[in-house]
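The values are calculated or read from the model by the stated rules, or taken from the named source; none is laboratory data. Values in this document were obtained by computation on a predicted structure and should not be read as measured data. All Cβ positions, glycine included, derive from the backbone under ideal geometry; neighbour counts span all protein chains shown.
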Amino acid sequence: MKATDKLIVVVGVVIIILAAIGIFLYRPAPRGEGITPAKGKIYAVTWVERTGTAVPDNPDMVAYDKLFRDVPYTANVTISQYNLKSVRFILKWEDDRTYGLFRKKGLDTLTFEVTAPDGTKKSEDSKGNGTIEFVFDNINPMPAINEIKANSSAEAMEKLRDYYGERWKDEPFKVNVSVKVGESIFRPLKRLRDRGNNFTIEVEYVYYEPVIEEVTGSSSEVVSMEATSIRDLYYPCFAYPGFH
């Protein structure tokens, strides 16, 4: 064997021994070691529509039309709710004093009027009986945020308050109901008996409420080692001319 060939064999053996020692001493880093987790969590935000009810601050729902002085019904409706989307007013009534077998006579006329906090006014008349409904819509838009970062769900909900709509929150709607008695003044007895009417008012509102859910990642870090042959790893050495 030539001296050159002996040298190649010795070098090859040394490389193999060093490679074996390296593989034996290799210790993969524990999963997550050296990785600093990101602070905070991500929460997906969904805005859902909820409904609520409110009541006028005057529970005595009656309006009078006396001979010499009208006494309308007045009240305020205040809603302490963020993110108001819409408010609906529903009035129902029926004339309690009419006469006539085939054709009702002495029918009263009721006027229902609601003024929104910004001055927008809705008004409608109803004769004899009926239902009047007003809707004030598009008060606040749905908040645009759909994801928020926080350390906890409580903190996320608190941060979302910065995006709440406050339009018309705690601001009064003004309600007015008046009645005109249908009985003629030339029938004084009937006119005196018919002084006004009762009614009911319902108030419903719709608002946006956030529902949050933590976003959890499904991916995990995997430490993998590609199987590589010693010959491929040390190809430059084994490629030395004459090493076979």
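For Thr109, the test of being polar (S, T, N, Q) and more than 27 Å from the chain's Cα centre (by Cα) is passed. With respect to the conditions (1) surrounded by fewer than 15 Cβ atoms within 10 Å (Cβ to Cβ); (2) at pLDDT below 95, Asp108 falls short on a single one, namely (1).
Before we move on, is Val181 at pLDDT 80 or above, in contact with a strand residue (DSSP E or B) (Cβ under 8 Å, 6 or more places away or on another chain) and more than 16 Å from Leu107 (Cα to Cα)? So Val181 does not fit the description; no.
Among residues of region 106-129 that are on the phi > 0 side of the Ramachandran plot and free of Cβ contacts under 8 Å to residues at least 60 places away in the same chain, those with a Cβ under 7 angstrom from a residue that is among the hydrophobic types (A, V, I, L, M, F, W, C) and in a loop (DSSP other than H, G, I, E, B), sequence gap 6+ or separate chain, pair up as Gly128/Leu107. Based on this model, can you work out whether Asp137 counts as acidic (Asp, Glu), surrounded by fewer than 19 Cβ atoms within 10 Å (Cβ to Cβ), over 26 Å from Gly196 (Cα atoms) and modelled with pLDDT of 95 or more? The answer is yes for Asp137.
A quick yes/no check of all residues on (1) at pLDDT 75 or above; (2) in a loop (DSSP other than H, G, I, E, B); (3) at positive phi:
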| position | (1), (2), (3) |
| --- | --- |
| Val10 | no, no, no |
| Ala20 | no, no, no |
| Ala29 | no, yes, no |
| Thr36 | no, yes, no |
| Ala44 | yes, no, no |
| Thr51 | yes, no, no |
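Figure legend. Inter-residue proximity from region 139-159: first residues within 19 Å of Asn83 (Cβ to Cβ) and free of Cβ contacts under 8 Å to residues at least 12 places away in the same chain, second residues surrounded by 11 or more Cβ atoms within 10 Å (Cβ to Cβ) and β-branched (Val, Ile, Thr), beta-carbon distance below 9 Å, spacing 6+ or different chains. Indicated pairs: Lys159/Ile148. Here region 144-161 is the region considered, the condition is being of a type in the set (D, E, K, R) and in a helix (DSSP H, G or I), and the residue that is nearest to Glu213 (Cα to Cα) is Glu155. Taken over region 214-235, residues that are surrounded by 12 or more Cβ atoms within 10 Å (Cβ to Cβ) and either modelled with pLDDT of 50 or more or touching a strand residue (DSSP E or B) at 6+ places or on another chain (Cβ under 9 Å) (or both) amount to 1. Can Gly40 be described as of a type in the set (Gly, Ala, Ser) and at pLDDT 70 or above? For Gly40, the condition - of a type in the set (Gly, Ala, Ser) and at pLDDT 70 or above - is met.
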